[in-house]
Amino acid sequence: MLTYDTYHMPTTLEEALTIWAASPEGSRLVSGATDILPWAREGRAGDVHLPELVDVTRISELNGYAFENGRVRLGANTVYQDFLTDRVLMRNLPCMPYCAIWFADDQIREQASLTGNLVNASPVADGTPAVVALNGEIELARLENGEIARRRIAVVDFIEGPGRTQIARDEIATAVILDTASGYGGSFQKVGQRRSLVISVACCAALVKADHTGRIFEDVRLALGGVGPRPIRMYDAERALRGETISHALIDKVARSAAELVGSRSRQDYRREVVVNFVRAALQDALADQSDVEIKFQDTREQAHV
């Protein structure tokens, strides 16, 4: 059971930052509260009593999104369901709908925010690989001499390990900033111990853009989650594919290299097998997701496996 002494519902960011900076040690920020409520129950954290909860869902500044210079700034109250219902976001962030559809169920997607998922810093958080593949940054705000000061950190650096990030005690995450990827094909692969409301054992996000002939990898983005304490951007694999002829043999070669990235302490052999298959499937699915280009493989699957 979760109990608390005081529950705050500020309506402006300045008010929230003021409350948060003065809150006692052990207080928590909440948005959808889809992480804290399951955590604070018997069998996980047990009974939890907090001095203060600061709910940011009524802060209008944290709503909505805006485009600028090839990037989109998602307010911290953006929830996973938005990636399944907002056609502008679906077109510009093509791996996010595939990530969102795997995320819990309809009710939780309406409450769970992408920003909260990142700040929670679970090694198997669904949103993290997709955000990393989109060169995501997280925006943090704090009060300095009565003024709101902001800074941005790349998400691949922001998450330092399970439950550990670079957010300071008096900061609030206010946005996630992502590259727009209109024209790319997207994919998200995930496996867990059950199908319903599955929690990842490992996951992979991919973005692929072929050239106008459908024969060349023009750009590739790949990221893994659940195979180590932090998300992994597969820069070497991306370089190995970028500018090369599209073939099943090359995809297989790059996929096999992903096994070396597994750094988890548990179920390593299983995770190695999973990520190899995931990277292969993610690249193939992302290529197939490019509806405006006909993809032409240099070989067949059968030839690649000879």
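The values are calculated or read from the model by the stated rules, or taken from the named source; none is laboratory data. Quick caveat: nothing in here was measured; it's all calculated off a predicted structure. Note: ideal-geometry Cβ built from the backbone for every residue, glycine included; neighbour counts use all protein chains shown.
Miscellaneous remarks
- Considering the stretch 217-231, and only residues there that are in contact (Cβ under 8 Å) with a residue 60 or more places away in the chain and in a strand (DSSP E or B), the residue that is farthest from the chain's Cα centre (by Cα) turns out to be Val220.
- A single entry from Val88, Val132 fulfils the requirement of being in contact with a Pro (Cβ under 9 Å, 6 or more places away or on another chain) and over 27 Å from Ile19 (Cα atoms): Val132.
- Listed here are the helices (runs of 4 or more DSSP H) enclosed by the stretch 234-306 that have at least 2 residues being under 17 Å from Leu224 (Cβ atoms): 235-241, 248-257, 268-288.
- Some residue of the stretch 243-263 being in contact with a Ser or Thr (Cβ under 6 Å, 6 or more places away or on another chain) and either of a type in the set (Ser, Thr, Tyr) or buried (at least 19 other Cβ atoms within 10 Å of the Cβ) (or both): no
- Note on the stretch 150-170: among residues that are free of Cβ contacts under 8 Å to residues at least 24 places away in the same chain and farther than 23 Å from Trp20 by Cα, the one that is surrounded by the most Cβ atoms within 10 Å (Cβ to Cβ) is Ala154.
- Considering only residues in the stretch 290-299 that are surrounded by 12 or more Cβ atoms within 10 Å (Cβ to Cβ) and not aromatic (Phe, Trp, Tyr), the one that is nearest to Gly186 (Cα to Cα) turns out to be Gln290.
- Just one residue in the set Arg221, Arg239 is surrounded by 19 or more Cβ atoms within 10 Å (Cβ to Cβ) and either out of contact with any Pro (no Cβ under 7 Å at 6 or more places or on another chain) or outside the structural domain of Ala210 (by TED's automatic domain parsing) (or both); that residue is Arg221.
- Test: Ala121 is of a type outside the set (S, T, N, Q), at positive phi and surrounded by 18 or more Cβ atoms within 10 Å (Cβ to Cβ): yes
- Glu61 being of a type outside the set (Ser, Thr, Tyr) and free of Cβ contacts under 8 Å to residues at least 60 places away in the same chain: no
- Whichever residue in the stretch 257-306 is over 20 Å from Arg242 (Cβ atoms) and of a type in the set (Gly, Ala, Ser) and, among such residues, is modelled with the highest pLDDT: Ala259
- Residues in the stretch 59-110 that are of a type in the set (Ser, Thr, Tyr) and assigned to a helix (DSSP H, G or I) were compared, and the one that is nearest to the chain's Cα centre (by Cα) is Tyr98.
- Glu139 vs. criteria at pLDDT 95 or above and either farther than 28 Å from Val275 by Cβ or surrounded by fewer than 19 Cβ atoms within 10 Å (Cβ to Cβ) (or both): yes
- Enumeration of residues in the stretch 6-58 that are hydrophobic (A, V, I, L, M, F, W, C) and assigned to a strand (DSSP E or B): Leu29, Val30, Val48, Leu50, Leu53, Val54
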